[in-house]
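Only one structure is covered here, and it is reproduced in the block below.
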Amino acid sequence: MQVRAYRIGKTKRAPEWGRKVWEELVQATKNERDDLVKDLNATVKDWKPEHRPGFASSVNIGTSGTVFPLHEESIEIEVNPVGKTEVWGYVTRGTRAHKIRPRRKKALSFMWGGPGSYRPRTHPGPPVTWGGPGQVMNGTRRAFAEVNHPGTKPRRIAQAVEAHARPRWRKRVHEAIERGMYRARMHYI
């Protein structure tokens, strides 16, 4: 997500107005960053602990290199998975069809109820959803020497969370601009 702020004008009040609005935008961005991390953590809260990633976030403020009082031009929120990201990568990017063979035993043993019997915790959509059971429905324990895994469709969870957060983000930006303009007006009264 990215928002840009530019110098408002050259009038006497403009630098103060721009500075106050910018301060409010930076604070709104930090609040949004925290909420994005909460939203992403909520999507993986029911994952097994050995597969659940954490999320690191940052707010990057870009500079234009100009000599205006308001140097900053853009604010960007960056949220990345950290820690146990292997399964996160499989889920969000999907996997190709592949063979699975046993490594230490003679056969693979797992619950199976036929093609389509597994109900994932997340569904690729559209729209992307999460909160499914993550188990085989009406299955029995089976043993196979090898299996042909059909692959998985990408879930694109981060993009779904971002799309869900977009209206909240727009409202926050609008409110931040209003607060900044109000603060600047109070500064001159």
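The values are calculated or read from the model by the stated rules, or taken from the named source; none is laboratory data. Since the model is a prediction, treat every value here as computed from it, not as a measurement. Glycine gets a Cβ as well: all are built from the backbone with ideal geometry, and neighbour counts include every protein chain shown.
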Can you tell me which residue among Gly139, Gly116, Gly83 is farther than 18 Å from Val37 by Cβ and loosely packed, with under 14 Cβ neighbours inside 10 Å? Gly116
Can you confirm whether segment 161-178 contains a residue that is among the small types (Gly, Ala, Ser) and free of Cβ contacts under 8 Å to residues at least 12 places away in the same chain? yes
Just wondering, is there one or more residues in segment 41-48 that are modelled with pLDDT of 90 or more, surrounded by 14 or more Cβ atoms within 10 Å (Cβ to Cβ), β-branched (Val, Ile, Thr) and out of contact with any strand residue (DSSP E or B) (no Cβ under 7 Å at 6 or more places or on another chain)? no
Can you name the number of the only condition in (1) at pLDDT 90 or above; (2) of a type outside the set (A, V, I, L, M); (3) over 28 Å from Thr140 (Cα atoms) that Glu72 fails? (1)
Looking at Arg172, Arg183, Arg179 in this structure, which one is crowded, with 16+ Cβ neighbours inside 10 Å, within 30 Å of Thr85 (Cβ to Cβ) and of a type outside the set (A, V, I, L, M, F, W, C)? Arg172
When you go through Gly54, Gly65 one by one, which is the residue that is surrounded by fewer than 16 Cβ atoms within 10 Å (Cβ to Cβ) and at pLDDT below 90? Gly65
Where in segment 86-180 are the strands (runs of 3 or more DSSP E), entirely inside, with at least 2 residues that are among the aliphatic types (A, V, I, L, M)? 108-112
